[in-house]
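Worksheet: the structure to be examined is printed underneath.
The values are calculated or read from the model by the stated rules, or taken from the named source; none is laboratory data. Worth saying up front: this structure is predicted, and the values here are computed from it rather than measured. Glycine gets a Cβ as well: all are built from the backbone with ideal geometry, and neighbour counts include every protein chain shown.
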Amino acid sequence: MRPEITNPPITGDLQVPHEVQTIFKNSCYDCHSNETNLTWYDKIVPASWLVAQHIKDGRSGLNFSNWDQLSPADQKAKLWESVNQVTLGAMPLSSYTLAHPKAKLSPQDIKVLKDYIWNLRVNNMPQDTSKIKALKAQSDYFKKAEVQAEVPKAPNGIAYIADYKNWAVISTTQRVDNGTMRIIYGNDIAIKAIKNKQISPWPDGAILAKAAYDEIEDAEGNISQGAFKQVEFMIKDHNKYKTTNGWGFSRFKTPQLEPYGKNADFTIECMRCHQPMEKNDHVFTLPILQ
């Protein structure tokens with residue numbers, strides 16, 4: 001029996017320049033939109049079951065046909081992640097391009113996407129006044145906020161770890177697409193593994209925390225940390241998190257530490273994002289070794 005694959009209504013399509021949208025339509029829309037265009041060989045069992053699962057997973061992580069349901073900041077972040085996946089060769093899936101060779105991106109296609117994303121980078125200077133106000137408002141909020149009675153948990157059960165701020169910093173990164181800085185922390189087990197150069201793979205019990213903040217630039221070009229945006233955790237346990245490549249994922253957004261994800265399936269998105277770094281035990285930001 002062949003699985004049923006439908007195309008639900010489009011609520012709001014991706015709004016980008018025509019040449020950028022053409023590339024996305026050719027290489028991404030079959031799995032990441034409600035405009036799936038099946039070929040005759042996509043409908044043959046058992047291939048049709050694999051295709052159906054790819055579409056289900058693809059739409060759950062990113063659906064260009066429901067673009068209007070994302071905030072402007074999340075839209076920009078999704079575009080950045082998508083182009084990052086394409087640049088690293090993780091997308092489109094090789095199993096897909098094998099049967100759909102026209103979906104392969106050329107070096108020129110990748111350049112068009114990278115140029116578009118680069119042009120989305122924020123010009124920090126005109127926005128610094130608002131960012132400074134946001135930092136002050138957040139500081140005032142933390143001063144008045146009561147101690148949280150219940151520790152928030154991600155949909156997969158992983159709880160927020162407040163102590164990460166006391167861990168050692170192992171690296172920092174920048175996101176030019178949205179003007180934020182990332183500070184990556186490691187717990188004691190992670191720090192020991194770094195010192196012993198035993199991070200391929202990371203040992204069980206290692207935890208990495210990546211906290212994102214606004215990036216504020218002054219008139220001299222000096223960068224400082226602005227308001228808190230979110231924190232993400234990666235917890236290594238090759239048995240407990242066997243289905244997610246040995247890592248447990250969680251993300252908490254805004255000062256209210258709102259858990260990311262509607263249900264536990266949000267980890268599919270995390271796994272796909274980190275898949276290009278399989279050779280680095282799925283970790284993007286390698287520590288600065290001493």
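Kindly evaluate GLN15 against the criterion of being assigned to a helix (DSSP H, G or I), out of contact with any Asp or Glu (no Cβ under 6 Å at 6 or more places or on another chain) and under 16 Å from LEU113 (Cα atoms). If you could, list the steps in order and put the result at the bottom.
Values: assigned to a helix (DSSP H, G or I): no; out of contact with any Asp or Glu (no Cβ under 6 Å at 6 or more places or on another chain): yes; under 16 Å from LEU113 (Cα atoms): yes.
Spelling it out, it is not the case that GLN15 is assigned to a helix (DSSP H, G or I), out of contact with any Asp or Glu (no Cβ under 6 Å at 6 or more places or on another chain) and under 16 Å from LEU113 (Cα atoms).
Could you list, in sequence order, all residues of the stretch 62-83 that are assigned to a helix (DSSP H, G or I), farther than 14 Å from THR11 by Cβ and free of Cβ contacts under 8 Å to residues at least 24 places away in the same chain? Before you say what the answer is, go through the steps one by one.
Initial filter on the stretch 62-83 (assigned to a helix (DSSP H, G or I)): 67-69, 72-83.
Now restrict to residues that are farther than 14 Å from THR11 by Cβ: 72-74, 76-83.
Correct list: PRO72, ASP74, LYS78.
So that you can scan it fast, the table gives a plain yes or no per residue for (1) in a helix (DSSP H, G or I); (2) surrounded by fewer than 18 Cβ atoms within 10 Å (Cβ to Cβ); (3) under 20 Å from the mean Cα position of the chain (by Cα); (4) not hydroxyl-bearing (Ser, Thr, Tyr):
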position	(1), (2), (3), (4)
ARG2	no, yes, no, yes
PRO9	no, yes, no, yes
THR22	yes, yes, no, no
CYS31	yes, no, yes, yes
THR36	no, no, no, no
VAL45	no, yes, no, yes
LEU50	yes, yes, no, yes
GLN53	yes, yes, no, yes
SER60	yes, yes, yes, no
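Could you list all residues from the stretch 160-185 that are assigned to a strand (DSSP E or B) and either among the aromatic types (Phe, Trp, Tyr) or at pLDDT 95 or above (or both)?
The first filter runs over the stretch 160-185 and keeps only residues assigned to a strand (DSSP E or B), leaving 168-175, 180-185.
Correct list: TYR185 only.
The rows are residues; the columns are (1) in a strand (DSSP E or B); (2) under 22 Å from GLY179 (Cα atoms); (3) of a type in the set (A, V, I, L, M).
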site: GLY226; (1), (2), (3): yes, yes, no
site: LYS229; (1), (2), (3): yes, yes, no
site: PRO255; (1), (2), (3): no, yes, no
site: THR267; (1), (2), (3): no, no, no
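I need a count of the residues in the stretch 233-254 that are buried (at least 19 other Cβ atoms within 10 Å of the Cβ) and under 14 Å from ILE207 (Cα atoms).
Number of matching residues: 11.
Which residue pairs have Cβ atoms closer than 7 Å, lie 6 or more positions apart in sequence or on different chains, and pair a first residue in the stretch 37-57 that is modelled with pLDDT of 85 or more with a second residue that is of a type outside the set (Val, Ile, Thr)?
The qualifying pairs are ASN37/ASP30; TRP49/PRO3; ALA52/PRO3; ILE55/CYS31.
Here is a list: ASP214, ASP188. Which entry is over 29 Å from TRP118 (Cα atoms) and either modelled with pLDDT under 90 or acidic (Asp, Glu) (or both)? Talk me through it step by step, then tell me what you get.
Values: ASP214 fails: over 29 Å from TRP118 (Cα atoms).
Exactly one residue qualifies, and that residue is ASP188.
For LEU98, state whether it is in a loop (DSSP other than H, G, I, E, B), out of contact with any Phe, Trp or Tyr (no Cβ under 7 Å at 6 or more places or on another chain) and of a type in the set (A, V, I, L, M). Lay out the reasoning, then the answer.
Working: in a loop (DSSP other than H, G, I, E, B): no; out of contact with any Phe, Trp or Tyr (no Cβ under 7 Å at 6 or more places or on another chain): yes; of a type in the set (A, V, I, L, M): yes.
When the stated conditions are applied, LEU98 does not pass them.
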